[in-house]
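Trainee: Handing you this structure, nothing more for now.
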Amino acid sequence: MSIISSQTPDADTWSTSASNWWRQAAVYQIYPRSFADSNGDGIGDLNGITGKVPYLKSLGIDAVWLSPFYPSALADGGYDVDDYRDVDPRIGSLADFDKMTAALHAGGIKVIVDIVPNHSSNRHVWFQEALAAPKGSPARQRYHFRDGKGGKGELPPSDWTAAFGGPAWTQVDDGQWYLHTFTPEQPDWNWDNPEVREDFLKTLRFWADRGVDGFRVDVANLLVKDLRSELPSRQELDAMDRSSGTHPLMDRDEVHEIYAEWRKVFNEYDPPRFAVAEAWVETASRRAKYASPEGLGQAFSFDLLMADFNASQFRAIITDNLEQARLTGSTTTWVFSNHDVTRHATRYGLEPLNGRPGKPGVDWVKAGGPRQALDVEGGIRRAKAATLLMLALPGSAYLYQGEELGLHEVADIPADRRQDPSFFRGAEYDGLGRDGCRVPLPWEPSGPSFGFGANGAHLPQPDWFAGYAASTQEADNASTLNLYRKALALRHELQGAETLEWKDDGNEQVLEFVRPGGWHVVANFGTAAIELPEGKVLISSAGIESGKLPGEATAWFRA
Ligand code: GLC
Ligand code: CA
């Protein structure tokens, strides 16, 4: 514990120390294929991002995180990587990447790239080599190849299912089977293999040497697997404890040895490279291990993303996450939307889950997105209130492209235009897939792809996108975009020590707190307007009328 506390910066050094830039950063996630298309081929690209640097600057974010842009057959939206150290030619080149990084850096914006270490694609040279090599060969040992069961090995080694549906094992020509947690096009690496470990260090250095400031680590909890003994059945697996660090497939304690090695590489750089783990683990204390300063340093918390728009749920989550951050020496992360979940404007426009099991928004997407079940304006109103609350919290705020426009999920994408494997493979947990939050952004109210590019878009954009265009919102002082801009600019001015103090006014529908420096925040989750405390209103998510904050709104003040 002593090492951890010695790394915790003291209250006033966080913003001035170059190595702590990430602690309270606002990070904007770009899904490159759907952000901006510079050459009119319908696919967003790196030059498109470079062209939008002025937009990103005016938004006021501190960093961008780019989802994978590596060569890929797109079996899983680019999370099936053919080559970790190159750019997909449909998206650009390494030279374009350097240009983009230079432009972002010149605009004061850091660059975070996505590292996908659990699996490669089946087109990766090492997988191709493994297929061509005989059973038991060193090439096969970089992945998880095994003989099958049954008289002739005709049955898979176990009955496990893959995350997007279907079996987790696929048979190759000579009869062996390989393991894939996700699609068959995403074979899992064998992290016991020293060459695999070495190759990822090379990848980290490759991007860090190119000036990348940090890494988002995909399914960071899955890398290490224990397949030594007789494989348990799916049912046995489901019954196993996932929080002891000894589950055969997930969140094993040994995974942290890998990240300790990565940390040494990150610390070779000045400032040290940053990393954030995507780790959907069982408990906050398991998550804390990924956020350790001897490991990746930060981990996503998806607690708010899974919650209803509800004051008591929010309060409990905020309190708990801040406490966890204090214990690790990292900072908390807040996320409402990303490329894997139903957009939060839509989730908050639907009937709340109220403790029912399920992933928010998924049932609605599965039902084809019935418009009558969605409160379009209410969803945006609640999303704005929640976001303004989130942007006032200590820690890092992760924003997903399009949320600053108040975009809703696109639910009615025709089957023949869908791309997400979870749609085609009948995934249990993602329902109809994640394409609905990956539709290319509307930059203009008209044109062939609403200003995304000179021609069409690789996923169809609905007509109602016209009403959400960035260019229209720029000109409208009361738009969602301008709320984000003002809030992000103010956040920079106001942000200080990583603490908050709750105030209790006895109304359970209201969350109220003060940050150091007199930054006072009131979030009204109820529908009735409330009296505002004394002080100057700095910003609010909805108009303030006769000194009252309307229902479902957040305001920042200074006493
Ligand atoms: C992560 C990504 C998701 C991807 C999966 C497999 O959860 O966020 O998009 O499908 O990992 O790489
Ligand atoms: Ca393009």
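The values are calculated or read from the model by the stated rules, or taken from the named source; none is laboratory data. Note that the structure is predicted; figures quoted are calculated from it, not measured. Every residue, glycine among them, receives a Cβ derived from its backbone with ideal geometry; neighbour counts consider all protein chains shown.
Trainee: Kindly provide the set of residues from the range 215-263 that are closer than 12 Å to Lys289 by Cα and β-branched (Val, Ile, Thr), ordered by number.
Mentor: Across the range 215-263, the qualifying residue is only Val255.
Trainee: Checking Arg205 against (1) of a type outside the set (Ser, Thr, Tyr); (2) over 22 Å from His256 (Cβ atoms); (3) out of contact with any strand residue (DSSP E or B) (no Cβ under 6 Å at 6 or more places or on another chain); (4) surrounded by fewer than 18 Cβ atoms within 10 Å (Cβ to Cβ), which test does it fail?
Mentor: Going through the list (1) of a type outside the set (Ser, Thr, Tyr); (2) over 22 Å from His256 (Cβ atoms); (3) out of contact with any strand residue (DSSP E or B) (no Cβ under 6 Å at 6 or more places or on another chain); (4) surrounded by fewer than 18 Cβ atoms within 10 Å (Cβ to Cβ), Arg205 breaks only (2).
Trainee: Can I ask one more? With a cut-off of at least 2 residues that are in contact with a Ser or Thr (Cβ under 6 Å, 6 or more places away or on another chain), name the helices (runs of 4 or more DSSP H) lying wholly within the range 362-469.
Mentor: 376-390
Trainee: Six or more apart or on different chains, Cβ atoms under 6 Å: show the pairs whose first residue is in the range 443-464 and over 11 Å from Ala36 (Cβ atoms) and touching a residue at least 12 places away in the same chain (Cβ under 8 Å) and whose second is within 16 Å of ligand 1 (Cβ to nearest atom) and in a loop (DSSP other than H, G, I, E, B).
Mentor: Short answer, once both residue conditions are applied: Leu459/Val439; Gln461/Val439.
Trainee: Follow-up question, since we're still on this one. For the range 289-299, enumerate the residues that are under 17 Å from the mean Cα position of the chain (by Cα) and either closer than 15 Å to Asp320 by Cβ or surrounded by fewer than 21 Cβ atoms within 10 Å (Cβ to Cβ) (or both).
Mentor: Applying the first criterion (under 17 Å from the mean Cα position of the chain (by Cα)) to the range 289-299 yields 290-291, 296-299.
Scanning the range 289-299 gives Ala291, Ala299.
Trainee: Looking at the range 348-360, can you tell me whether even one residue there is of a type in the set (A, V, I, L, M, F, W, C), touching a Leu at 6+ places or on another chain (Cβ under 9 Å), at pLDDT 90 or above and within 16 Å of ligand 1 (Cβ to nearest atom)?
Mentor: No: the range 348-360 contains no residue that is of a type in the set (A, V, I, L, M, F, W, C), touching a Leu at 6+ places or on another chain (Cβ under 9 Å), at pLDDT 90 or above and within 16 Å of ligand 1 (Cβ to nearest atom).
Trainee: Quick one: count up the residues across the range 94-152 that are closer than 25 Å to Glu230 by Cα and of a type in the set (S, T, N, Q).
Mentor: Residues in the range 94-152 being closer than 25 Å to Glu230 by Cα and of a type in the set (S, T, N, Q): 3 in total.
Trainee: If you check every pair at least six apart or on different chains, which have Cβ atoms under 6 Å apart with a residue in the range 153-172 that is modelled with pLDDT under 95 first and a residue that is surrounded by fewer than 17 Cβ atoms within 10 Å (Cβ to Cβ) second?
Mentor: Going by the 6 Å Cβ cut-off, the qualifying pairs are Gly165/Gly426.
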